[in-house]
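Written below as structure tokens is the structure these notes are about.
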Amino acid sequence: MFLDGLEKKAVELIRAKFRVETEIIDSDNELSLVVRSLFNDEIVHSHKQDLIPLYNAFRNRIQKESPH
């Protein structure tokens, strides 16, 4: 039981210092989503996802559904 309380407190302390930020890059030659995981305001992991395939999928779906 004692360890359960310590583990819970440790998780709460980590959670308070952890956050995730997202940024959408929308320029003439790029459409991306950047996700940054931060701990104590330091980036511990960053990932960039190309959104052009998602954009194309939505565009194709909308074009198929709209009357010409």
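Coupling constants for the stretch 54-67 follow from the phi torsions by the Karplus curve (6.51 cos²θ - 1.76 cosθ + 1.60, θ = phi - 60°), and in residue order they are 5, 4, 4, 5, 5, 4, 5, 5, 5, 5, 5, 7, 8, x Hz; glycine and proline get x.
Structural descriptor for the chain: relative contact order 21 percent, calculated from alpha carbon pairs under 8 angstrom and at least 6 residues apart. Compared with the alpha-carbon gap, the fully stretched path from residue 7 to residue 28 is longer by 2.8 nm at 0.36 nm per residue.
Overall dimensions of the stretch 2-65, expressed as equivalent-ellipsoid semi-axes from the Cα gyration tensor (√(5λ), whole Å, largest first), are 38, 15, 7. With θ taken as phi - 60° and the Karplus curve 6.51 cos²θ - 1.76 cosθ + 1.60 applied, the whole-hertz 3J(HN,Hα) list for the stretch 13-29 is 5, 5, 4, 5, 9, 9, 8, 10, 10, 10, 9, 9, 9, 10, 10, 4, 10 Hz, x standing for glycine and proline.
Readers should treat all values here as calculations from the given coordinates under stated rules, not as data from a laboratory. No experiment lies behind these values; they were computed from the predicted model shown.
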